[in-house]
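Report on one structure; see the data block that follows.
The values are calculated or read from the model by the stated rules, or taken from the named source; none is laboratory data. Nothing here was measured: the structure is a model prediction, and the numbers come from that model. Quick reminder, even Gly has a Cβ in these numbers, built from the backbone with ideal geometry, and neighbours come from all protein chains shown.
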Amino acid sequence: MDTTRIDTAVIGAGVVGLATARAIARGGRSVCVLERDSRPGRGTSTRNSQVIHAGLYYPANSVKAKDCVDGARMLYEFCSTHGVPYARCGKLVIAADVTEIPALEALQSRGRDNGVEGLEIVDRGFIRAREPHVSAAAALYSPHTGIVDAERLIAALYRECSEMGVIVLLGTPLVGMTEVTDGLELATSSERIHVRSVVNAAGLYADEVSALLGGDEVTIYPCRGEYAELVPTKRSLINGLVYPLPDRSGHSLGVHATRTIHGNVTFGPTVRFQTGKDDYESDRLPLKYFLEHARPLLPELTLDDLRLGASGIRPKLHPPGSSFADFRIERDGRCARLVQAVGIESPGLTACLAIGARVAKLVEGVPSD
Ligand SMILES: Cc1cc2nc3c(=O)[nH]c(=O)nc-3n(C[C@H](O)[C@H](O)[C@H](O)COP(=O)(O)OP(=O)(O)OC[C@H]3O[C@@H](n4cnc5c(N)ncnc54)[C@H](O)[C@@H]3O)c2cc1C
């Protein structure tokens, strides 16, 4: 078996892996991406709400807050120059009654601290003009929240990587690693690749990949998010993005309504920790669950208006009992040539380009021999 020499290998061709490969290649280094699936982006990257978040929710100074705000700006720019369908449609976070208005104000203030621009508290008249079917006492309006076509984003990142000479090896899982004097030798099912540095962007499987690379222990807590959607004849009930106040457990932004770039309207995602990493369908929540959670926003909704939609799995870094873990993007403590980009749950789609730039800087710091 021949050994190929390359500067950096990225494990995983989701949005994070591809955006990272792009950022490293722009710095002039040779890069390859190993992806075990036969196509890029079929993990969490295409199983999500496809919302470009503005950065309202995350604690000040967290990596999530910074990379969401920077990443949203970078993503809008990337989409407009690379022909990726997107819309800066704005979003409403709803106060069901006046007692929830202080919570909206707290969210506004957190968003401002994070550098989110244009946030304002709006009244019923504003809400009615945008969303005539939604029930609300007031709302926080975020004009820079948007939607994107995740599949087309993956395709554009993949195309750009290929044009820059990044070698993307599809159907090629990382299966092992040996340390050699001047780098690491990565083993796939068909070849050996000698690298100076390696990036773990393996999403739900980042724990296994870290172990294969001799890195720090990573524990992933898979957490399923399920969706229901409006039947086509009822899609006019929602025009844009309508969210309740975030779930008090801190696990999710609450079951919200999203009009996607394709015009369908989803409700979700729900929050349920599970053990399996590829079980998207067993024991699905019934439509009644979505009806209960969506009705406070949309009182005229009936069970007949809903059908089950897709689901995705978050690679959380914390168990059900706790509520927040930041993205873990750092040089590994055990393996000096490894950079971890793990625990990339929401807003990872929004933040992917900022994460890529952050990882590329860390890769620069990996010793050359
Ligand atoms: C329900 C849900 C809703 C969400 N909504 C939003 C949203 O609206 N906005 C937002 O910004 N973010 C959202 N997110 C988060 C966003 O989807 C993720 O942060 C992002 O997709 C993570 O991308 P990734 O590249 O890290 O992971 P993935 O897309 O999972 O990519 C990891 C890749 O690694 C590959 N891999 C694994 N093991 C190996 C191996 N041994 N060798 C080679 N390859 C391997 C996998 O096949 C996979 O392709 C949501 C997530 C969920 C689950």
**Message:** Return the residues of the stretch 165-179 that are touching a residue at least 24 places away in the same chain (Cβ under 8 Å) and in contact with a strand residue (DSSP E or B) (Cβ under 6 Å, 6 or more places away or on another chain); say none if nothing qualifies.
**Reply:** Val166, Ile167, Val168, Leu169, Thr172, Leu174, Val175, Gly176, Met177
**Request:** Could you check, for the stretch 86-94, whether at least one of its residues is among the aromatic types (Phe, Trp, Tyr), assigned to a helix (DSSP H, G or I), buried (at least 17 other Cβ atoms within 10 Å of the Cβ) and under 21 Å from the mean Cα position of the chain (by Cα)?
**Result:** no
**Asked** Given the stretch 292-369, what strands (runs of 3 or more DSSP E) lie entirely inside it while holding 2 or more residues that are under 19 Å from the mean Cα position of the chain (by Cα), small (Gly, Ala, Ser) and more than 23 Å from Ala156 (Cα to Cα)?
**Response** 306-316
**Prompt:** So, of the residues in the stretch 302-322 that are within 16 Å of the ligand (Cβ to nearest atom) and over 19 Å from Leu285 (Cβ atoms), which turns out to be surrounded by the most Cβ atoms within 10 Å (Cβ to Cβ)?
**Reply:** Pro315
**Request:** Taking only the stretch 323-362 into account, find how many residues are surrounded by fewer than 24 Cβ atoms within 10 Å (Cβ to Cβ), more than 13 Å from the ligand (Cβ to nearest atom), under 20 Å from Leu213 (Cα atoms) and in contact (Cβ under 8 Å) with a residue 40 or more places away in the chain.
**Result:** 6
**Item:** Identity of the residue in the stretch 14-34, in a loop (DSSP other than H, G, I, E, B) and over 18 Å from the mean Cα position of the chain (by Cα), that ends up nearest to Gly176 (Cα to Cα)
**Value:** Ser30
**Prompt:** Are any of the residues in the stretch 157-171 within 22 Å of Ile24 (Cα to Cα), of a type in the set (Ser, Thr, Tyr) and modelled with pLDDT of 95 or more?
**Reply:** yes
**Test result for Tyr227, near the ligand (Cβ under 8 Å from one of its atoms) and more than 20 Å from Ala360 (Cα to Cα)** = yes
**Message:** Checking the condition out of contact with any Ser or Thr (no Cβ under 8 Å at 6 or more places or on another chain), within 11 Å of the ligand (Cβ to nearest atom) and in a loop (DSSP other than H, G, I, E, B), which residue from Ser38, Ser49, Ser45 passes?
**Reply:** Ser38
**Message:** Quick check on my filter: what residues within the stretch 104-129 are among the hydrophobic types (A, V, I, L, M, F, W, C) and more than 29 Å from Ile261 (Cβ to Cβ)?
**Reply:** Ala106
**Message:** Exactly one of these conditions fails for Leu212: (1) over 25 Å from Ala137 (Cβ atoms); (2) out of contact with any helix residue (DSSP H, G or I) (no Cβ under 9 Å at 6 or more places or on another chain); (3) at pLDDT 95 or above; (4) not assigned by TED's automatic domain parsing to the domain that holds Ala336. Give me its number.
**Reply:** (4)
**Message:** Which numbered condition in (1) in contact with a helix residue (DSSP H, G or I) (Cβ under 6 Å, 6 or more places away or on another chain); (2) away from the ligand (no atom under 16 Å from the Cβ); (3) assigned to a loop (DSSP other than H, G, I, E, B) is the only one that Lys234 fails?
**Reply:** (3)
**Residue in the stretch 270-277 that is crowded, with 21+ Cβ neighbours inside 10 Å and either at negative phi or in contact with a helix residue (DSSP H, G or I) (Cβ under 8 Å, 6 or more places away or on another chain) (or both) present** = yes
